[in-house]
Amino acid sequence: MFLKVSLYISLVIFLVGLIYKVSTWFRYKIGIGAEEISTSTRFFSALKGILSTLFSVKIFTFMKVLILDVLLQFRILREDFLRWVMHIFIYGGFMLLLLMHALDQYITVAIWKDYYSTVNPFMFLRNLFGVLVIVGVLIAIYRRFILKVPRLFSNAMDIYAILIVAVIMLSGFFLEASKMVAYSDYKRMVDEYSGLSDPEELKSLEAYWVKEFGTVSPNLKAPFDEKILAKGKELHESSCAGCHVRPQWAFTSYGVAKIIRPIGVSIDKAHLPVLLWYIHLLACFLGLAYLPFSKMFHIFASSVSLLANGVIGKEKLAPANRATLQAMELDACTHCGTCSLRCSVIMAFEEISNRNIFPSEKIASIKWLASGKTLSPQTFRLIQEGVYLCSNCYRCTVVCPAGINLQDLWFNIRETLLQKGYPEFLLLSPLSFYRGLMKEETVLKDYEKPLIQAREAILAQCDLMKRKDKVLPLAPTNRTLQSGLNLSAQAKTFSVCFGCQTCTTVCPVVGNYENPQEALGLLPHQIMHAAGLGLRDLAFGSNMLWDCLTCYQCQEQCPQGVHVTDVLYELKNLAVKQVKEKTL
Ligand code: HEC
Ligand code: SF4
Ligand code: SF4
Ligand code: SF4
Ligand code: SF4
């Protein structure tokens, strides 16, 4: 009764959770493009997309992705064999157990009319599948905690996922083993199926079961008389053998039963089989009820993500579907760390200890963002910096086993965060190159706005540039202006500049303007001068510094060997550092 109620409660929580989670795919708004699209538009747009896929030639792509990527998980195999073995063992073993064992009353019985959990192949297969899952879990523990795969973080959810599967499996094996030795289980069966009442016959059967099936009897002990055993065998064959194969077929549980046999009587007295039965079932119910809210939800979300991204192909996605897809992709992430392993800017983490630099961790932060939780400005900035520290190399998207289009997600999130109004200085770096390429794609009319914002934030910190007249005092009145520039050896080469202007002459940015001075402020050779004079604020305030393409032409042409581009680059980083130190 208690178990039935628990099952129904878990089922209800599972279903409500499932509906709730799927509804977030249509409700969470990621990206400014999603702001104006209503939930119902998104829902019907997705429905239309699904139907038009199923009734077109794309159905073949769909089937291919379903078999290769979803069922056989080739994307994981391509990455790492051990991981593939781990995943296919856990997932395959678990699914087969679910269908054959947990749902036996509905599925197995319907297919095999004379199904009993204690005959073959079911008894053997149950053990085999269970062992697969346990081996998978052991590999997972080995990878995470012993092998310490680089850049693979383990959070509470990862540990929960491993634990719940392990508890279900181990309690299952211990349950089967404890029933094998428990005398009361034996007794119940005999009462039910043997119809024996003669004490001699009962004794023979019991002796046979103690010897051959490992039952631990409080009354009888081996060795037994051959005659008694022969009689027992006979009785066994007439009453029990139809439903019972040799226990060795349940090879794992039998092994466990052998170990616990010495304490078999106490196990039965303490009602351990009942306790284990409760643990096993309640763990299953907990896993079921919590599934939609846990990492395990990826079973659904990753499959949908793989299928959706598999059939979408290259053509442009309707904005409504893009919004839905991205919300769903957040659930599809399994926190497997493959993206972080391959990411090309991860080295930045050595210097900037912001976890959001790792794509796998960015996803976790973006989940918070999407769910509408209020985040502190500090957290916000960390996420913003994290999503911007990305060279858009596409590697994460290519390797993600859940098929998530991470590239597109980053782009969209970056634009959303920019709208929040925090200046993002990385926009002034080559890392913003991709944004420039995607200018047409940005939904914003104000592409320029965040750029201007970042520059203004820097200017606000430059004392000299705040002067309205912008006239340089001949002798710097503010001594701090002269405080030396802390540059690398190459960048310090500005000191040998002799002012030939070659750098400025060859610069394509300068050449782009009719009146470069007006547009750019200082020109490259003038910045070298400013650096020479220690007027760093002057240099920081010059548009040239921020418009430089880092094409290295100036550096190559300089007759004095000044590392012009390196100087510009380092000045730029110094400016950003100064502003960050003062304002963050
Ligand atoms: C109609 C089929 C059927 C017959 C006949 C039958 N059993 Fe069972 N027996 C089962 C099933 C199914 C289970 C497992 C489920 C359970 O414990 O109720 C089981 C479980 C047991 C267990 C607990 C160990 C375990 O593997 O789960 C013992 C001991 C046992 N039977 C002994 C006997 C004996 C002794 C006889 C003959 C007198 C017998 N059974 C006859 C179906 C049968
Ligand atoms: S696209 Fe960005 S996050 Fe992805 S691997 Fe490349 S640098 Fe890393
Ligand atoms: S985004 Fe993909 S590759 Fe990265 S952790 Fe999530 S599932 Fe793994
Ligand atoms: S590196 Fe910058 S300053 Fe030098 S030539 Fe290229 S754009 Fe001009
Ligand atoms: S080319 Fe070299 S020496 Fe000439 S102005 Fe530029 S940095 Fe100075």
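The values are calculated or read from the model by the stated rules, or taken from the named source; none is laboratory data. No experiment lies behind these values; they were computed from the predicted model shown. Cβ placement follows ideal geometry from the backbone for every residue including glycine, while neighbour counts extend to all protein chains displayed. The protein model used for the area step is the full one, side chains on, heavy atoms only, and it has no ligands, DNA or RNA in it. Shrake-Rupley method; radii C 1.70, N 1.55, O 1.52, S 1.80 Å.
Couple of notes before you dig in:
- Charge-dipole axis of segment 482-583 as Lys and Arg at +1 and Asp and Glu at -1 on Cβ define it, positive-most pick from Cys497, Leu574, Asn515: Leu574
- Overall, the ratio between the Cα radius of gyration of segment 185-276 and 2.2 N^0.38 Å, rounded to two decimals, is 1.07.
- For segment 567-582, backbone phi angles converted through the Karplus equation (6.51, -1.76, 1.60; θ = phi - 60°) give residue-by-residue couplings of 4, 4, 5, 6, 4, 4, 5, 4, 4, 5, 4, 4, 5, 4, 4, 7 Hz, Gly and Pro being listed as x.
- Estimated FRET transfer efficiency (Val85, Tyr8; beta-carbon r; R0 45 Å; 0.05): 0.75
- Using a Förster distance of 22 Å, the FRET efficiency for Ile59-Ile299 (Cβ separation, nearest 0.05): 0.45
- Positive dipole terminus of the chain, leading residue within Ala166, Ser429, Cys390 (C-beta point charges): Ser429
- Cα-derived Rg to Rh of segment 223-334, Kirkwood definition: 1.33
- Ile67/Val131 FRET efficiency (R0 30 Å; Cβ-Cβ; nearest 0.05): 0.75
- When only Cα pairs below 8 angstrom with a gap of at least 6 residues are kept, segment 482-583 shows a relative contact order of 36 percent.
- Carbon plus sulfur fraction of accessible area for the chain, probe 1.4 Å, in percent: 64 percent
- Each label was represented as a point 7 Å from its Cα along the Cα-to-Cβ direction; for Val16 and Tyr142 these points are 4.2 nm apart.
- Per residue of the chain, the DSSP helices (runs of n ≥ 4 H) give a summed -39500 (n - 2.57) that works out to -18500 deg cm²/dmol at 222 nm.
- Relative contact order of the chain, pairs being alpha-carbon contacts under 8 Å that are 6 or more residues apart, as %: 15 percent
- Pair-distance profile P(r), taking every C-alpha pair of segment 482-583, with 10 angstrom steps and integer %: 16, 53, 27, 4
- The tail of the calculated P(r) for segment 1-140 beyond 18 Å holds 75 percent of all Cα-Cα pairs.
- Taking the centroid of alpha carbons for each part, segment 373-441 and segment 32-99 are 25 Å apart.
- Listed values for segment 74-83 are Karplus-derived 3J(HN,Hα) couplings in whole Hz (6.51 cos²θ - 1.76 cosθ + 1.60, θ = phi - 60°), namely 4, 5, 6, 4, 4, 7, 6, 5, 4, 5, and x replaces Gly and Pro.
- Where only C-alpha atoms are counted, convex hull volume of the chain per residue in Å³: 206 Å³
- Note on segment 335-383: Rg/Rh from Cα positions, Kirkwood definition for Rh, rounded to two decimals, is 1.00.
- Projecting the Cα atoms of Ser6, Thr565, Tyr290 onto the charge dipole of the chain (Cβ charges, centred on the Cα centre) puts Thr565 farthest toward the positive pole.
- Counted over segment 256-315 with a bin width of 5 Å, the fraction of Cα pairs per bin, in whole percents, is 4, 14, 12, 12, 10, 9, 9, 9, 6, 5, 4, 3, 2, 1.
- Within segment 166-180, backbone nitrogen closer than 20 Å to the virtual label 7 Å beyond the Cα of Leu103 toward Cβ: 168-169
- Candidate aspartates and glutamates for bridging to Lys58, where Cα separation is under 19 Å - those fewer than 8 sequence places away on the same chain excluded: Asp69, Glu315
- log₁₀ of I(q)/I(0) at q = 0.13, 0.26 Å⁻¹ - segment 164-211, Debye sum with one point per alpha carbon: -0.41, -0.95
- With the gyration tensor restricted to C-alpha atoms of segment 346-453, the semi-axes of the equivalent ellipsoid amount to 19, 17, 15 Å, longest first.
- Net length available on complete extension from Gln248 to Cys393 is 46.7 nm, with 0.36 nm assigned per residue and the Cα-Cα distance removed.
- Helix 122-141 vs. the chain, principal-axis angle (Cα, 0 to 90°, nearest 10): 30 degrees
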